[in-house]
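The values are calculated or read from the model by the stated rules, or taken from the named source; none is laboratory data. Only a predicted model underlies this, so the values are computations on that prediction, with no experimental measurement involved. Here the Cβ positions follow ideal geometry from the backbone for every residue, glycine too, while neighbour counts run over all protein chains shown. Surface areas here come from the heavy atoms of the whole protein model, side chains and all, with no ligands, DNA or RNA. Shrake-Rupley method; radii C 1.70, N 1.55, O 1.52, S 1.80 Å.
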Amino acid sequence: MWIDLLPIALLGGLLGLDVVSFPQAMISRPLVAATFAGALVGHSPSGLLVGAALELVALDTLPFGASRYPEWGSAAVVGGAIFATHPEHPAGAMEMAIIASLSTAWIGSWTMVKLREWNARWAANRREALDAGARGAVIDLQLLCMTADFFRGALLAALSYGVFAPLARWTLGLWGTDARISRAVLVTVAASVAASAAWKIFHGVSGARWFFLGGLAVGLAIMGTR
Amino acid sequence: MTARAIAPMIPPERRAVLPVRTQLAIFLRMLAIQGSWNYEILLGNGIGFCLEPALRLLPEGLHSQHFKDALARESKYFNAHPYLASVAVGALARAELDGETPERIERFRTALCGPLGSVGDRLVWAGWLPFCSLLALFIFGLGGGPMLVLVVFLGSYNLGHFALRWWGLRTGWTHGLRVAASLGNPVLRNGPQQIARLAALATGLAIPMALSRVIGPGRVLLGGVLGSVIVGALVLVRLQGRIEGWRLALFVLVAFALFSVAH
């Protein structure tokens, strides 16, 4: 069990680190993180599928400054890994993967706040050295906080996967709704969140609604031809 | 005048020289600028961490009081968008190496926080990131595989990301404490609006395409989903400020899972 969790934990730690600490190259976005997790489990297309659904939801939360936002890196690793362990995509598998991810993202948001409080405490403990311009104190503080962030993400991913993977397996045996209907409900929810998020971001920009309607017309036309 | 205010004179021939190795060291450290982000000094320690390679070039060297004073000054409270903080890092490196007075440097740090935060938020978080994300979702909707989708997203996003950080460092270093005028650059001034329009276009393209791929074939079902999405989005817009969409999504999905299990 622990051996199974180790790769998930390492990936969760690395991608959790990307959210704020290093390098913020957006490898922590759900589209990327879930695909990586899927590849780790052995089925990257499944990871991509669940990552795309999560990415729609994640458009609702952009990492503005000191605001509190979900931690998508470790969360998407958990969801991607859970969905990819069911590559035949039974009814309810994607729903459970998304529920696992959103729950982890919520807890992850809380752990980031706690980490920032700890960072402040560690900085306060070094206040004298920092005020004296001690090079070692500045570098040590930076490395300590980043290491803590890595372990925060790793632990979160491991614990969350340890809880949600068996729960998902158990739930799938009892799932009574048709697979396509289940998928449709999930996609409706995710796309509604994405559309409202887009409105929040763009509604104040002059002409943006025409660009949106133009894009929608082209998108629907492409769908119609397929 | 205190000892802290006295900075050694920098010979003119040493000004405006930042070795490539130092630039690269600063650039790499800038990727970790938020590594110790906290509610007390925010980015402060990260700024000191990024500037440290440049401060080693101070005339009296690494172990001097001048180095320590500069590092202490630069590790105090600072706030900015993490990518555009590179402008501040470049400008502060130049100011310290040019021997500007601590008072001027501190005034400059205070004045720069707000603009670098708001410009970066609008340009990157509310513009470039959603645009690249939606572009990748559109490629996914067209049938793109994992590799293609990831290359499109990470390639496009990080092209802008790394270019912005590098431009910020170079611009800050070139203009020093007069860098504020550079924030009037057309890309920073008009970029957010233009990118927002492109992102709106990408939203219209990507959402129907992505959801059709996740659902799979079947036009009747797809039509029903599209109609429901419009209603759902309108409800969420009306609820704006009262509940976040992603939390509501979790509640709805948990309720649906409970129904499906009990059914």
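Give me the accessible area per residue for region A:85-226, probe 1.4 Å, as a whole number in Å².
In whole numbers, region A:85-226 has 44 Å² accessible per residue.
Starting from the Cα of A:Lys200, draw a straight line to each of the aspartates and glutamates and keep only those under 14 Å, dropping any in the same chain fewer than 8 residues away.
Filter leaves A:Asp60, B:Glu244.
Please work out, to two decimal places, the log10 of the ratio I(q)/I(0) at q = 0.09 Å⁻¹ from a Debye calculation in which every Cα of the protein assembly as shown carries one identical scatterer.
For the protein assembly as shown at q = 0.09 Å⁻¹, log10 I(q)/I(0) is -0.63.
Please work out the Cα center distance from region B:200-216 to region B:27-56, rounded to the nearest Å.
39
Name the most mobile residue of B:Leu42, B:Leu222, B:Leu129, meaning the one with the largest mean-square fluctuation, in a Gaussian network model of chain B with Cα contacts below 10 Å.
B:Leu222
Taking chain A as a Gaussian network, Cα atoms linked when under 10 Å apart, which of A:Ser101, A:Ser67, A:Ser28 shows the biggest mean-square fluctuation?
Highest fluctuation of the listed residues: A:Ser67.
What is the distance in Å between the Cα centres of region A:1-60 and region B:241-263?
22
Towards the positive end of the charge dipole of region A:71-212, with charges on Cβ (+1 Lys, Arg; -1 Asp, Glu), say which of A:Ala158, A:Ala75, A:Trp170 has the farthest Cα.
Working it through, the farthest residue towards the positive pole turns out to be A:Ala75.
Using heavy-atom solvent-accessible surface (probe 1.4 Å) with all chains present, what is the largest-first order of A:Phe22, B:Phe153? Show your work: numbers first, answer last.
On the way: A:Phe22 75, B:Phe153 0 Å².
Listed by decreasing accessible area, they come as A:Phe22, B:Phe153.
May I ask you to give the solvent-accessible area per residue for region B:170-263, in square angstrom, as obtained with a 1.4 angstrom probe? Write down the numbers at each step before the final one.
Working: 4640 Å² over 94 residues.
Accessible area per residue: 49 Å².
With springs only between Cα atoms under 10 Å, which of B:Leu201, B:Leu150, B:Leu248 fluctuates most in a Gaussian network model of chain B?
Ranking B:Leu201, B:Leu150, B:Leu248 by mean-square fluctuation puts B:Leu248 first.
Treating the angle as unsigned and between 0 and 90°, give the value, to the nearest 10°, between the Cα long axis of helix B:85-97 and the longest Cα principal axis of chain B.
Around 0 degrees separate the two axes.
With charges set only on the Cβ (+1 for Lys and Arg, -1 for Asp and Glu), what does the dipole of chain A come to about its Cα centre, in debye to the nearest 20? Numbers along the way, then the final one.
On the way: 15 positive and 13 negative charges, 69 e Å.
For this selection, approximately 340 debye.
Toward the positive end of the charge dipole of the protein assembly as shown, about the Cα centre and with charges on Cβ (Lys, Arg +1; Asp, Glu -1), which of B:Gly46, A:Pro45, B:Ile105 goes farthest?
Going by the charge dipole, the pick is B:Ile105.
Could you work out what % of the accessible surface of the protein assembly as shown is carbon and sulfur, using a 1.4 angstrom probe and leaving DNA, RNA and ligands out of the count?
Values: 13140 of 19420 Å².
Carbon and sulfur together cover 68 percent of it.
What is the helix-to-structure angle for B:65-74, meaning the angle in degrees between its Cα long axis and the longest Cα principal axis of chain B, kept from 0 to 90 and rounded to the nearest 10?
30
Heavy-atom accessible area of A:Glu117 with all protein chains present, probe 1.4 Å, nearest 10 Å²?
Here the accessible area works out near 60 Å².
What number does region B:15-146 give for Rg over Rh if you use C-alpha atoms and the Kirkwood radius?
Working: Rg = 17.7 Å, Rh = 16.1 Å.
Result: Rg/Rh = 1.10.
Excluding residues on the same chain fewer than 8 positions from B:Lys68, give the lysines whose Cα lies under 23 Å from its Cα.
Reachable lysines: B:Lys76.
Need one number: nm distance between label points at B:Phe259 and A:Ala217, each 7 Å from Cα along Cα→Cβ, rounded to one decimal.
Result: 3.6 nm between the two label points.
Calculate the dipole size of the protein assembly as shown relative to its Cα centre from +1 charges on Lys and Arg beta carbons and -1 charges on Asp and Glu beta carbons; express the result in debye to the nearest 20. Mind dumping the intermediate values first?
Details: 39 positive and 26 negative charges, 165 e Å.
Roughly 800 debye for the protein assembly as shown.
Per residue of B:131-139, how many C-beta atoms from partner chains lie within 10 Å of its own C-beta, taken as a mean?
Numbers: counts 1, 3, 11, 6, 0, 6, 8, 4, 0.
The shielding value for this peptide is 4.
In a shell of Cβ-Cβ distance under 13 Å around A:Pro30, excluding A:Pro30 itself, what net charge do Lys and Arg (+1) and Asp and Glu (-1) give? Working shown, then result.
Numbers: positive: A:Arg29; negative: A:Asp18, A:Glu55, A:Asp60, A:Glu71.
Computed value for this residue: -3.
Treating cross-link reach as a plain straight distance, find the aspartates and glutamates whose alpha-carbon is under 15 Å from the alpha-carbon of A:Lys114, omitting any fewer than eight places away in the same chain.
A:Glu71, A:Asp149, B:Glu40
How would A:Trp110, B:Trp173 rank on accessible area, largest to smallest, probe 1.4 Å? Don't jump to the answer; show the numbers that get you there.
Details: A:Trp110 130, B:Trp173 20 Å².
Of A:Trp110, B:Trp173, the descending order of accessible area is A:Trp110, B:Trp173.
Could you report the buried accessible area between B and A, both sides summed, computed with a 1.4 Å probe and given in Å² to the nearest 100?
Working: alone 15220 and 12650 Å², together 19420 Å².
Counting protein atoms only, the buried area is about 8400 Å².
Using a cut-off of 12 Å between beta-carbons, work out the net charge of the residues near A:Leu156 (Lys and Arg +1, Asp and Glu -1, A:Leu156 not included). Can you show the working numbers first?
Numbers: positive: A:Lys114, A:Arg152; negative: A:Glu71, A:Asp149.
Taking every Cβ under 12 Å from that of A:Leu156, the sum is 0.
At B:Ala180 and A:Arg68, where each label point lies 7 Å from the Cα along Cα→Cβ, what is the point-to-point distance in nanometres?
Result: 3.5 nm between the two label points.
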